[in-house]
Each structure stands twice: as structure tokens, then as C-alpha cells.
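The values are calculated or read from the model by the stated rules, or taken from the named source; none is laboratory data. What you see is a predicted model, and the numbers here were worked out from it, not measured in a lab. Heads up, the Cβs are rebuilt from the backbone with ideal geometry, glycines too, and the neighbour counts pull from every protein chain shown.
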């Protein structure tokens, strides 16, 4: 009887290289900064979204952040935190927060990476598309709350309306 020896192949790669390939395949404008973070501008239905990808080496995490192109007016900041808490309960993954220096809403997600950084391309594509989908879904709610002076409950009621039928 002939025996075969199986060899284990350990492939180590930088997930940011895979993300860069995904970005290039989608013809998105991007830059890779000196810290190896990737910054991408993606056009959406409501605005242009600013995606950023990076690695936290200390905790072995890949992070994705997606900035919504709008500024929250100063007079709405106090109420914005209870609004965001309500939105975060409805998210599939990640959380919204406000970057206070720029007054921008941002969706943030982090994913643990195996020690060999073996996140597959499909996982990275799905995470990117999910971030964009969540931002598209919740952008109108941020707009209503920030600029139409709606309260949390009425804004969330508008958000949860689903249209049915055909035009």
C-alpha cells in the first residue's frame, strides 16, 4: 500500500491587500496612507460614503469605518446620543457614533482576525457591502433627525416604514 504525505501550507497575507484588490475591481477611488490604512470613496444613493479599512495589530482586529457625508448641527448633539442608541439596536453589525471633531456620523465595525490573517475575500466583500447597506438604510434617519428636528420616535417610525406593491 502506498501512503501519501499531506503537507500543511500556511499562507500569511495582509487582508488590506485583499481589500485593495476588491477596491480596484470595483473601480473605486482610494488611497493607502503611510499607516497602510485604505481610504475609499463610494457613491451611494444618498451621498458619497468614506470607507476606511485598517488593522489593529495589538488586538489582531480588522476594522471598517464608513463616514456619512453630513454634519450634525451643534444644537442637535445632545439629543443625537439617544437617537444613535436607538439606531444601534436596529443594526445587523457594528455601531454608529459621532466623530465630534468633524460632527460626522460614522458606522464602525471590527472583526477578529486569525493569527495567520486568513480572512477570505468573500468575508471581506460581504463586510464591506454590509457596511454600505447599513449606511444607505440609516442615512435618511440621520437627515430627518438632524435637520428636520424630528424626535427619536417619529424619526424611527419613518425609518421602519416599508413600501409594498408596484408603481
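What do you reckon, is residue 40 out of contact with any helix residue (DSSP H, G or I) (no Cβ under 6 Å at 6 or more places or on another chain), under 17 Å from residue 130 (Cβ atoms), at pLDDT 90 or above and surrounded by 18 or more Cβ atoms within 10 Å (Cβ to Cβ)?
Working: out of contact with any helix residue (DSSP H, G or I) (no Cβ under 6 Å at 6 or more places or on another chain): no; under 17 Å from residue 130 (Cβ atoms): yes; at pLDDT 90 or above: yes; surrounded by 18 or more Cβ atoms within 10 Å (Cβ to Cβ): yes.
Spelling it out, it is not the case that residue 40 is out of contact with any helix residue (DSSP H, G or I) (no Cβ under 6 Å at 6 or more places or on another chain), under 17 Å from residue 130 (Cβ atoms), at pLDDT 90 or above and surrounded by 18 or more Cβ atoms within 10 Å (Cβ to Cβ).
Surrounded by fewer than 14 Cβ atoms within 10 Å (Cβ to Cβ) and modelled with pLDDT under 85: does that describe residue 154?
It is true that residue 154 is surrounded by fewer than 14 Cβ atoms within 10 Å (Cβ to Cβ) and modelled with pLDDT under 85.
For segment 57-92, give me each residue that is over 19 Å from residue 140 (Cβ atoms) and in contact with a strand residue (DSSP E or B) (Cβ under 6 Å, 6 or more places away or on another chain).
Of everything in segment 57-92, those that are over 19 Å from residue 140 (Cβ atoms) and in contact with a strand residue (DSSP E or B) (Cβ under 6 Å, 6 or more places away or on another chain) turn out to be 61, 62, 63, 64, 65.
Yes or no: segment 82-100 includes at least one residue that is surrounded by 16 or more Cβ atoms within 10 Å (Cβ to Cβ), touching a helix residue (DSSP H, G or I) at 6+ places or on another chain (Cβ under 9 Å), in a loop (DSSP other than H, G, I, E, B) and at pLDDT 90 or above.
So far as segment 82-100 goes, yes, one or more of its residues are surrounded by 16 or more Cβ atoms within 10 Å (Cβ to Cβ), touching a helix residue (DSSP H, G or I) at 6+ places or on another chain (Cβ under 9 Å), in a loop (DSSP other than H, G, I, E, B) and at pLDDT 90 or above.
Could you check segment 56-81 and list, in sequence order, the residues that are surrounded by 19 or more Cβ atoms within 10 Å (Cβ to Cβ) and either more than 16 Å from residue 135 (Cα to Cα) or at pLDDT below 90 (or both)?
Result: 62, 72, 80.
State all residues of segment 33-53 that are over 24 Å from residue 96 (Cα atoms) and not in a loop (DSSP other than H, G, I, E, B); if no residue qualifies, say none.
None; the set is empty.
Could you tell me whether any residue of segment 126-134 is touching a helix residue (DSSP H, G or I) at 6+ places or on another chain (Cβ under 6 Å) and at pLDDT 85 or above? So that I can check it myself, show each step before the final result.
Applying the first criterion (touching a helix residue (DSSP H, G or I) at 6+ places or on another chain (Cβ under 6 Å)) to segment 126-134 yields none.
Checking segment 126-134: not a single residue is touching a helix residue (DSSP H, G or I) at 6+ places or on another chain (Cβ under 6 Å) and at pLDDT 85 or above.
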